[in-house]
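The values are calculated or read from the model by the stated rules, or taken from the named source; none is laboratory data. Everything numeric here is computed off the predicted structure, so don't read it as measured data. Every residue, glycine among them, receives a Cβ derived from its backbone with ideal geometry; neighbour counts consider all protein chains shown.
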């Protein structure tokens, strides 16, 4: 479904992502883990064409070279960015409706009933402004909005960041359900959560993939630390 070859991201003289190869297959949940500053967010942003990069990104057999981020989203490669980016002046319901603009004629995989089943709290919050939401509520809106875009592959950047444990449980329970219907590429600092959800994982350190393995193999803490250190 997603093929990344030789992807490189530079910010001026700084090399953030260096010649990364990565794949996500149909029906897969793949985690991308690594220490802070490893280049994980830059890699996701390059895949979705938010930042400039060199190398090749292919989605369902189509090169994404030259496409704008909104064109990529309309193909069904949809990202939930770090920081959620809920529209503060819109209500929760209106924020969710924004996601439907990226469907581009694809049949919906998730409608309002389905996202409300995943996140019942959003029913109560339908008329509340985005500016008045807690961080956990914003994350629920951001994921639900992406699902209403009929994603064919979902990119998630740090979905647990800043969340209380109880809210984190709600979000990851929802992602487990979503992952049974949509391929996921998950960037997550909470490695225990990420590796419990994913089937495969890549470990990124200083912009390089140092390990790619079944998630269960990396769930062993010694193995994961060795990967972080490049051993």
Checklist outcome for this item: Flagged in the range 2-16 as surrounded by 21 or more Cβ atoms within 10 Å (Cβ to Cβ) and over 14 Å from residue 49 (Cα atoms), in numbering order, are 16
Checklist entry - If we keep just the residues of the range 70-83 that are in contact with a strand residue (DSSP E or B) (Cβ under 7 Å, 6 or more places away or on another chain) and within 12 Å of residue 147 (Cα to Cα), which is surrounded by the most Cβ atoms within 10 Å (Cβ to Cβ)? => result 77
Next on the checklist: Tell me yes or no: at least one residue of the range 104-119 is more than 18 Å from the chain's Cα centre (by Cα) and within 21 Å of residue 166 (Cβ to Cβ).
Outcome noted: yes
Checklist entry - Considering only the range 84-100, how many residues are in a loop (DSSP other than H, G, I, E, B) and either free of Cβ contacts under 8 Å to residues at least 12 places away in the same chain or surrounded by fewer than 20 Cβ atoms within 10 Å (Cβ to Cβ) (or both)? => result 5
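Conditions (1) in contact with a helix residue (DSSP H, G or I) (Cβ under 6 Å, 6 or more places away or on another chain); (2) surrounded by 14 or more Cβ atoms within 10 Å (Cβ to Cβ), marked per residue:
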| position | (1), (2) |
| --- | --- |
| 116 | yes, yes |
| 124 | no, no |
| 141 | yes, yes |
| 157 | yes, yes |
| 174 | yes, yes |
| 185 | no, yes |
| 190 | no, yes |
Checklist entry - Mind checking whether some residue in the range 139-152 is under 15 Å from the mean Cα position of the chain (by Cα), modelled with pLDDT of 95 or more and under 22 Å from residue 214 (Cα atoms)? => result no
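Select the helices (runs of 4 or more DSSP H) contained entirely in the range 183-231, then report the ones holding at least 1 residues which are within 29 Å of residue 54 (Cα to Cα) and modelled with pLDDT of 90 or more. Lay out the reasoning, then the answer.
Values: elements: 191-197, 215-218, 221-228.
The helices (runs of 4 or more DSSP H) meeting that bar are 191-197, 215-218.
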Next on the checklist: Being in contact with a strand residue (DSSP E or B) (Cβ under 8 Å, 6 or more places away or on another chain) and either in contact (Cβ under 8 Å) with a residue 40 or more places away in the chain or loosely packed, with under 15 Cβ neighbours inside 10 Å (or both): is that true of residue 105 here?
Outcome noted: no
Item to check | residue 153 being touching a residue at least 40 places away in the same chain (Cβ under 8 Å) and out of contact with any helix residue (DSSP H, G or I) (no Cβ under 6 Å at 6 or more places or on another chain) | outcome: yes
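Each row is one residue, and each column tells you yes or no for (1) in a loop (DSSP other than H, G, I, E, B); (2) more than 21 Å from residue 99 (Cβ to Cβ); (3) at pLDDT below 95.
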{"site": "23", "(1), (2), (3)": "no, yes, no"}
{"site": "30", "(1), (2), (3)": "no, yes, no"}
{"site": "36", "(1), (2), (3)": "yes, yes, yes"}
{"site": "46", "(1), (2), (3)": "no, yes, no"}
{"site": "55", "(1), (2), (3)": "no, yes, no"}
{"site": "58", "(1), (2), (3)": "no, yes, no"}
{"site": "65", "(1), (2), (3)": "yes, yes, yes"}
{"site": "71", "(1), (2), (3)": "no, no, yes"}
Item to check | Residue among 64, 32 that is in contact with a helix residue (DSSP H, G or I) (Cβ under 7 Å, 6 or more places away or on another chain) and under 20 Å from residue 175 (Cα atoms) | outcome: 32
